[in-house]
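What follows is a single structure, written as structure tokens, with notes after it.
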Amino acid sequence: VRVRRGGWASIKREVAVSGSTSENPSTQAAPCVLQTHLQMLPGDPSLLVVTNVDMGDKKTEFMKKASAAVSSCLGKPESYVAVSVQDNVALIFGGEPDPAALCTVQSLGAINLQNNKALSAEISTLLAEFNIPADRYYICFYDLPRENIGYNGATFAG
């Protein structure tokens, strides 16, 4: 991704307004807020959780459980799963600062209704342990093409 003059704010604003960027007019805007953060996420598959809750010393335990859930629900080896949690961030949901989260799952394949529902249920259970109600977070799922995931000095397309 090339960042033009004006940086990320300019790109976010353009995508939000037009649904595409002038550099790639065919790019459609996703309905989730984290679309512009895709380039910063870990590999295949990965889960990014951003929350206004301070997870404290339970964060690592949450990440381990989330990693196992991603592996199980998407049918991927856990050795490839990456989980990143940003807790205690400034975040409001529905105009209120009560416990909330934004989640993104990306994977090379395995993104489908059945798997997404199963993983949504698992993430819901895990977030409930931090008093984040099921109606105070979104989970966005992205199925990425093989050529768009780099790993071990190459892409999964070769």
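Observations
- Neighbourhood charge, 14 Å Cβ-Cβ cut-off, centred on Gln86 and excluding it, Lys, Arg +1 and Asp, Glu -1: -1
- Most tightly packed first, judged by the mean number of other beta-carbon atoms within 10 Å of their residues, the peptides 59-65, 93-99 read 59-65, 93-99.
- Per-bin percent of Cα-Cα distances, segment 34-151 [10 Å]: 14, 49, 32, 6
- Rg over Rh for segment 89-138 works out to 1.02, both radii taken from alpha-carbon positions and Rh defined as the Kirkwood radius.
- All other residues whose Cβ lies under 13 angstrom from that of Ile111 are scored, Lys and Arg at +1 and Asp and Glu at -1, for a net of 0.
- The stretch between Gln114 and Asp98, if pulled fully straight at 0.36 nm per residue, gains 2.8 nm over its current Cα-Cα span.
- Reachable aspartates and glutamates from Lys59, criterion Cα separation under 13 angstrom, eight or more residues apart if same chain: Asp87, Glu129
- For Asn131 and Tyr151, the FRET efficiency from 1/(1 + (r/R0)^6), where r spans their Cβ atoms and R0 equals 35 Å, is about 0.45.
- Cβ-defined net charge surrounding Thr51, 11 Å radius [Lys, Arg +1; Asp, Glu -1]: 0
Taken together, the values in this text are just the output of simple stated rules run on the coordinates, not laboratory data. These figures come from a predicted structure and were not determined experimentally. So basically every Cβ, Gly included, is an ideal-geometry build from the backbone, and we count neighbours across all protein chains shown.
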